[in-house]
Amino acid sequence: GENVEQHPSTLSVQEGDSAVIKCTYSDSASNYFPWYKQELGKGPQLIIDIRSNVGEKKDQRIAVTLNKTAKHFSLHITETQPEDSAVYFCAAIPNTDKLIFGTGTRLQVFP
Amino acid sequence: GAGVSQTPSNKVTEKGKYVELRCDPISGHTALYWYRQSLGQGPEFLIYFQGTGAADDSGLPNDRFFAVRPEGSVSTLKIQRTERGDSAVYLCASSSTGNNEQFFGPGTRLTVL
């Protein structure tokens with residue numbers, strides 16, 4: 001079955017710097033790759049997603065890139081702000097509808 | 001509009017007891033998912049409903065876990081003879097037909113003493 005690996009597990013950046021989180025997946029049939037932000041005590045919040053027919057997608061300060069050949073995708077956050085601090089999860093959907101999540105990245109943005 | 005809601009937000013029970021966790025999906029969403037999240041880990045799939053039927057229950061860990069969605073809207077996750085290892089946050093998500101986007105509720109934190 002699908003396996004999603006995520007790096008790094010923790011990431012600390014200064015406010016205004018960029019943050020990059022990387023994920024790899026194993027199932028070449030996966031065709032949908034969402035990113036979720038989870039704050040303490042809350043459920044995961046969908047922040048951006050990308051489908052397999054697209055290489056890059058941007059939404060204001062966040063962007064996601066996908067390399068299907070290498071089976072990896074990345075989340076890029078520019079001009080980070082303290083409110084970006086949270087745990088971020090990547091995920092993939094193989095031929096089924098269930099999300100397979102990575103292990104999460106704890107992002108801390110210091111003012 | 002209203003998002004996915006889950007009740008209770010917290011549930012403390014004793015080992016061996018029965019619990020029910022409820023999920024109210026976004027109105028009109030035909031697909032409903034249950035996931036379980038242990039501390040420091042990503043959510044893990046339990047079961048997926050399309051309408052009233054369970055389309056995939058391959059993530060249920062054993063036969064103590066059961067879920068229903070009798071009218072194709074609200075779903076209840078039922079856990080019998082709870083064990084300490086069942087302690088986790090149980091998350092519910094919903095999506096509309098033909099759309100992969102899954103929207104999560106706030107979760108129910110289950111603690112088995």
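The values are calculated or read from the model by the stated rules, or taken from the named source; none is laboratory data. All figures in this text were calculated on a predicted structure; none of them were measured in a lab. Positions of Cβ are backbone-derived with ideal geometry, glycine not excepted, and every protein chain shown enters the neighbour counts.
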query = If we scan segment A:56-67, do we find a residue that is touching a strand residue (DSSP E or B) at 6+ places or on another chain (Cβ under 9 Å), within 11 Å of chain B (Cβ to nearest Cβ), aliphatic (A, V, I, L, M) and touching a residue at least 24 places away in the same chain (Cβ under 8 Å)?
reply = no
query = Right, B:GLN37: within 9 Å of chain A (Cβ to nearest Cβ), surrounded by 12 or more Cβ atoms within 10 Å (Cβ to Cβ), within 11 Å of B:LEU91 (Cα to Cα) and in contact with a Lys or Arg (Cβ under 8 Å, 6 or more places away or on another chain) or not?
reply = no
ask   = Could you list, in sequence order, the residues of segment B:62-84 that are touching a residue at least 24 places away in the same chain (Cβ under 8 Å) and closer than 23 Å to B:GLY16 by Cα?
value = B:ALA67, B:SER75, B:THR76, B:LEU77, B:LYS78, B:ILE79, B:GLN80, B:ARG81, B:THR82, B:GLU83, B:ARG84
task = For segment A:81-111, name all the residues that are among the aromatic types (Phe, Trp, Tyr) and more than 8 Å from chain B (Cβ to nearest Cβ).
result = A:TYR88, A:PHE110
remark   = Matching residues in segment B:1-28 (modelled with pLDDT of 95 or more and on the phi > 0 side of the Ramachandran plot) number 1
note = Given the conditions (1) more than 21 Å from A:GLY102 (Cα to Cα); (2) in contact with an Asp or Glu (Cβ under 8 Å, 6 or more places away or on another chain); (3) hydrophobic (A, V, I, L, M, F, W, C), every one holds for B:VAL68 apart from (2)
message = over 24 Å from A:ASN3 (Cβ atoms), away from chain A (no Cβ under 11 Å) and surrounded by 13 or more Cβ atoms within 10 Å (Cβ to Cβ): is that true of B:PHE49 in this structure?
response = no
query = From the residues in segment A:3-23 that are away from chain B (no Cβ under 14 Å) and among the hydroxyl-bearing types (Ser, Thr, Tyr), which one is nearest to A:THR69 (Cα to Cα)?
reply = A:SER18
key: Only listed residue being closer than 13 Å to A:PHE101 by Cβ, over 10 Å from the mean Cα position of the chain (by Cα) and not acidic (Asp, Glu), chosen from A:PRO44, A:PRO34   = A:PRO44
key: Of the criteria (1) within 14 Å of chain A (Cβ to nearest Cβ); (2) within 12 Å of the chain's Cα centre (by Cα); (3) assigned to a strand (DSSP E or B), which one B:GLY59 fails   = (3)
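Closer than 23 Å to A:LEU40 by Cα, of a type in the set (Val, Ile, Thr) and within 14 Å of chain A (Cβ to nearest Cβ): is that true of B:THR97 in this structure?
Answer is no for this residue.
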request  = Quickly run through segment A:14-46 and pick out the residues that are surrounded by fewer than 19 Cβ atoms within 10 Å (Cβ to Cβ) and under 17 Å from A:ALA63 (Cα atoms).
outcome  = A:GLY16, A:ASP17, A:SER18, A:VAL20, A:LYS22, A:THR24, A:TYR32, A:GLN45, A:LEU46
query = What number of residues within segment B:62-77 are out of contact with any Phe, Trp or Tyr (no Cβ under 8 Å at 6 or more places or on another chain) and either part of a strand (DSSP E or B) or loosely packed, with under 14 Cβ neighbours inside 10 Å (or both)?
reply = 8
Subset of segment B:1-22 [more than 11 Å from chain A (Cβ to nearest Cβ) and assigned to a strand (DSSP E or B)] = B:THR7, B:LYS11, B:VAL12, B:THR13, B:VAL19, B:GLU20, B:LEU21, B:ARG22
query = Only one of (1) in contact with a Pro (Cβ under 7 Å, 6 or more places away or on another chain); (2) within 25 Å of A:GLU39 (Cα to Cα) fails for B:SER73. Which number is that?
reply = (2)
